[in-house]
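Where a number appears in this text, it was derived from the coordinates with a stated rule and is not lab data. Computed from a predicted model, the values in this text were never measured in an experiment. Positions of Cβ are generated from backbone atoms using ideal geometry, with glycine treated the same way; all protein chains shown enter the neighbour counts.
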């Protein structure tokens, strides 16, 4: 049950809340990925108080991914991506904050908190974590018609939600993840193939020959350590 606080103890004033969106097991989502969409709502009325996109860098890799953490460890600096929500409020407001992953990955994470007039939440601020991978199938293209005697390359780009690269032996080691292409024909699963890492960072592929038919190609990534998952799919015609 919400508390009712007497307004005479507060004065109307602009109050700032720094909102940062962090990829699970990775860094912050910022300008390089187009930013994460942030919406701040008055939870009681549903009205949008402010909205925008996170801007800035993904942050310091050593600080975020390598250095030991303590209770008061700071993950961000002045360049780290965030959205500074400026709220004009005259009494405490219970807000919901929604963060949406950029691009076609419509993952949403949210949380709630009280914002009190004049009590800025800055520094690392409010950090919202978004799980998953960003996956884009590069080839074959959607609804592409392919000859039955053609070897088909299933090629995909897979990165962390912040855009951080996945490479063999890197911080985000390709060998840690399960990456597969699942091929279904006319609604029935036919093949499951392992995707192999290429020299180009975050790029994976496998070659396959297919009989005539209508196919769905589903590509997924799974991290058995963190539980991160991601998926993309396309449809092709083999004649």
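Build a GNM of the chain with springs between Cα atoms under 10 Å apart, and of 44, 71, 20 the one that fluctuates most is 71. Cβ crowding within 10 Å, taken as a proxy for footprinting-reagent exposure, orders 16, 145, 76 from fewest neighbours to most as 145, 16, 76.
Rg and Dmax, both from the Cα atoms of the range 133-238 and both in Å, are 13.8, 41. Of all the options 228, 47, 88, the one that moves most in a Gaussian network model of the chain with Cα springs shorter than 10 angstrom is 47. As a rough footprinting exposure proxy, the listed residues 161, 18 were ranked by other beta carbons within 10 Å of their own, and the order from fewest upward is 18, 161. Divided by 2.2 N^0.38 Å, where N counts the residues, the Cα radius of gyration of the chain comes to 1.25.
For residue 88 and residue 138, a Förster radius of 41 Å and the Cβ-Cβ distance give a FRET efficiency of 0.35, rounded to the nearest 0.05. Exposure proxy for 17, 93: other Cβ atoms within 10 Å of each Cβ, ordered fewest to most, give 93, 17.
At 1.002 mPa s and 20 °C, plugging the Kirkwood radius over alpha-carbon pairs of the range 1-131 into Stokes-Einstein gives what diffusion coefficient in µm²/s? My calculation gives 139 µm²/s for D. For a modelled paramagnetic label at residue 51, 7 Å from Cα along Cα-to-Cβ, the residues of the range 69-90 in reach, with backbone nitrogen under 19 Å, are 82-88.
A full extension of the chain between residue 237 and residue 108 corresponds to an added length of 43.2 nm, given 0.36 nm per residue minus the alpha carbon distance. Label zone (residue 79, point 7 Å along Cα-to-C-beta; backbone nitrogen cut-off 16 Å) within the range 34-68: 55-65.
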